[in-house]
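What follows is a set of notes on a single structure, which appears directly below.
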Ligand code: UDP
């Protein structure tokens, strides 16, 4: 009978939820009890568009607890753009009494008491007093890249040596010299977007504070791997002695599941929060190898209509085939101008397909896909790395600005279009990625994909790190029980 019991609490936004749900499955695969705390809205969407019911049935040690939402579903989703800080703060305040209730008061017969908390690190000290009271370890899981986490961590030092704040638009190309492990690599524009002047609220100060609160956790976990972010991780290791790097989580889960399938057959769960349109897979089947650029800006990017039109013109003018995820809510404040120029419509009919939400991992793994035009959310970046698909980067906010710098300058996996949105640039970059510099980018993308795969197979860094994590969780529960 398993004794360890982990409570997992992610920020209820798609990028955070997806990777932490995969973590839950990884732990349940090892027979560890997991209570995954989600919110009503998320749970309804996971039931409607995903297969959460089947997931629970497949893993007897995986339990879901649903808490009420802290915002009105009718209104605009508060997790978008600069307002994400307010959303995180109000979610944490709202969730606290429910978490206390789950941790302290609710005990189900046959299920051991919670022996470890894995909390989204973005909530900072949210569960620290619960962990102290119950004398159980608290692990912070950060769903962003390590380079972003480290950049936030180093902000006080950059302020000390006067490399921050950024003074204005004219300062954006200044090189940051004193970021340990990333010396002379980043321009001001490559720092996490909240470092930019005129960001609403005081989000930078807030993010730095929350990041440094992870110092008080018993351990820190990241969805990354040594061969990808080794130089940053070695810097972080000096401050975070218990650092578990178990990524790319989605691929790690696939490998561990395949191993355990020797004993029993476990399906792949889609766990989507959106209606997935699989018609694009049949469309991809009909396209030549490596001919399609896949375009997606994730779950919450908002695009101005004029930028959308620049990208659309650029894609059509590139004469390349494209598959574009255009969420119904992707365009900022509608201006009643829904006209699509005839040449754009015709080019799309000839060579393009637009869907509302795609099965992204399957799309990127399809042989017809030769490039990914992405906002560089960390999950999408890892999806691309695993699939060995080169990228055009058009970051929107948060860690995406620094992720795209690493894609283009450190890993050499593509081109960075940050802070530019012009049809001629789009056309040129698509052709550079898909034609002129295709071999060069493909080679580095395939090499990185091999390293990603190696990291999550037995003997690999993430595989071993996850084994260590399991040991840590199990030994903590032995002490407890
Ligand atoms: N995704 C998907 N279908 C789409 C677009 C995105 O399944 O059409 C998934 C993608 O695989 C990733 C997540 O949605 O797991 C997006 O997370 P990311 O961190 O890249 O960006 P965010 O949505 O947080 O901005």
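The values are calculated or read from the model by the stated rules, or taken from the named source; none is laboratory data. For clarity, every value in this text was computed on a predicted model and none was experimentally measured. Cβ sites come from the backbone with ideal geometry, for glycine too, and all protein chains shown count toward neighbours.
Of 382, 415, 433, 364, all but one fail to be under 23 Å from the mean Cα position of the chain (by Cα), surrounded by 16 or more Cβ atoms within 10 Å (Cβ to Cβ) and away from the ligand (no atom under 16 Å from the Cβ); the exception is 415. Considering 456, 407, 420, 385, which residue is within 15 Å of residue 225 (Cα to Cα) and free of Cβ contacts under 8 Å to residues at least 40 places away in the same chain? Residue meeting the stated conditions: 407. Can you tell me which residue is farthest from the chain's Cα centre (by Cα) among those in the range 29-56 that are part of a strand (DSSP E or B) and closer than 24 Å to residue 259 by Cβ? Applying the filter and picking the extreme gives 33. Please find, among 371, 314, the residue that is more than 10 Å from the ligand (Cβ to nearest atom), under 23 Å from residue 454 (Cα atoms) and not in a loop (DSSP other than H, G, I, E, B). That would be 371, the only listed residue that is more than 10 Å from the ligand (Cβ to nearest atom), under 23 Å from residue 454 (Cα atoms) and not in a loop (DSSP other than H, G, I, E, B).
When the test is whether a residue is more than 12 Å from the ligand (Cβ to nearest atom) and assigned to a loop (DSSP other than H, G, I, E, B), residue 420 passes it. The requirement of being at pLDDT 95 or above, outside any loop (DSSP other than H, G, I, E, B) and touching a strand residue (DSSP E or B) at 6+ places or on another chain (Cβ under 9 Å) is fulfilled somewhere in the range 325-343, by at least one residue.
Across the range 346-359, a minimum of one residue is classified as under 30 Å from residue 246 (Cα atoms), within 11 Å of the ligand (Cβ to nearest atom) and surrounded by fewer than 23 Cβ atoms within 10 Å (Cβ to Cβ). In the range 189-302, counting only helices (runs of 4 or more DSSP H) that sit wholly within it, the ones holding 3 or more residues that are within 16 Å of the ligand (Cβ to nearest atom) and within 29 Å of residue 460 (Cα to Cα) span 249-260. Can you spot a residue in the range 172-180 that is in contact (Cβ under 8 Å) with a residue 40 or more places away in the chain and within 16 Å of residue 232 (Cα to Cα)? Yes, that holds for at least one residue. Given the criteria touching a strand residue (DSSP E or B) at 6+ places or on another chain (Cβ under 8 Å), more than 18 Å from residue 188 (Cβ to Cβ) and either within 16 Å of the ligand (Cβ to nearest atom) or without any contact (Cβ under 8 Å) to a residue 24 or more places away in the chain (or both), does residue 123 qualify? Criteria not met by residue 123.
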